[in-house]
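What follows is one structure encoded as structure tokens, with my remarks underneath.
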Amino acid sequence: GAEPAAVGEIVVTARLRDEGLLSVPVAVSALSSEDLNRYNASDLTKIGEMSPTVIISNYRTIGGGSLSIRGISSPPTQVGYEQPVSVALDGVQTSSGRVATLGFFDLKQVEILKGPQGTLFGRNTIGGAISIVTADPGNAFKAKGDVTVGSYNLFQARGSVTVPITDGLSSALTFGIKSRDGFL
């Protein structure tokens, strides 16, 4: 069996096994749930701002967005092109720019792997891969949420409720709504 992680050690799971960050032979930026909450990183564009050489842009075009690691990207306006950076959300992979438009809440960890990752993440990972792991429900009742208001009539409400059903089985509901007017 695996030894328990030392206090404060970052455990990376993007290579499909639990490994300490210092022993992973890949350039990885790991962001914990505390990091994501501290900086209100609720979408990929904000997550990209937290890691050097990562630029994620959200466009309201057909392609949806552009993901770039170390300068390797595809234009967001080309629907037929898949991004050279893939995103795996709880192991489900996509290389569509539309993933840049999604909002996230209640994440456990985000791992940004820089450089080609074709061995573990398949095609369309020449720039790298972003592994997003959502939080497990847990075995206790838990509820949390937040409301944000801001300029240009921004209104955002997010929340999460976990309800234990039996020992070892829980149900979780996470929701979010966001509305904002433009400046034109």
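Just to verify a result, which residue in the range 92-114, among those that are at pLDDT 85 or above and in contact with a Ser or Thr (Cβ under 9 Å, 6 or more places away or on another chain), is surrounded by the fewest Cβ atoms within 10 Å (Cβ to Cβ)? Top of the filtered list is Lys108. Inspect all residues belonging to the range 116-136 and state whether any of them is at pLDDT 90 or above and among the acidic types (Asp, Glu). No, there is no match, as no residue in the range 116-136 is at pLDDT 90 or above and among the acidic types (Asp, Glu). Look at Ser179 and say whether it is open to solvent by less than 100 Å² (accessible area, probe 1.4 Å), of a type outside the set (D, E, K, R) and closer than 30 Å to Gln83 by Cα. For Ser179, the condition - open to solvent by less than 100 Å² (accessible area, probe 1.4 Å), of a type outside the set (D, E, K, R) and closer than 30 Å to Gln83 by Cα - is met. All told, Ser74 meets the bar of being over 13 Å from the mean Cα position of the chain (by Cα) and closer than 17 Å to Gly48 by Cα.
One line per residue, one yes/no per condition, for (1) of a type outside the set (Lys, Arg); (2) without any contact (Cβ under 8 Å) to a residue 40 or more places away in the chain; (3) in contact with a Pro (Cβ under 9 Å, 6 or more places away or on another chain):
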residue: Met50; (1), (2), (3): yes, yes, no
residue: Thr53; (1), (2), (3): yes, no, no
residue: Gly64; (1), (2), (3): yes, yes, yes
residue: Tyr81; (1), (2), (3): yes, yes, yes
residue: Ala88; (1), (2), (3): yes, no, no
residue: Gly91; (1), (2), (3): yes, yes, no
residue: Thr101; (1), (2), (3): yes, no, no
residue: Gly118; (1), (2), (3): yes, yes, no
residue: Gly145; (1), (2), (3): yes, yes, no
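Flag: Asn139 matches the condition of being part of a loop (DSSP other than H, G, I, E, B), open to solvent by 60 Å² or more (accessible area, probe 1.4 Å), within 26 Å of Thr13 (Cβ to Cβ) and in contact with a Pro (Cβ under 7 Å, 6 or more places away or on another chain).
Can you tell me which residue within the range 17-50, out of those that are of a type in the set (Gly, Ala, Ser) and in a helix (DSSP H, G or I), is most open to solvent (accessible area, probe 1.4 Å)? Steps first, answer last, please.
From the range 17-50, those of a type in the set (Gly, Ala, Ser) are 20, 23, 27, 29-30, 32-33, 41-42, 48; that's our starting set.
Subsequent filtering for residues that are in a helix (DSSP H, G or I) retains 23, 33, 48.
Working: Ser23: 80, Ser33: 30, Gly48: 2 Å².
The residue in question is Ser23.
The values are calculated or read from the model by the stated rules, or taken from the named source; none is laboratory data. Computed from a prediction, not measured in an experiment: that's the story for all the values here. Note: ideal-geometry Cβ built from the backbone for every residue, glycine included; neighbour counts use all protein chains shown. The area values use the complete protein model at the heavy-atom level, side chains included, leaving out ligands, DNA and RNA. Shrake-Rupley method; radii C 1.70, N 1.55, O 1.52, S 1.80 Å.
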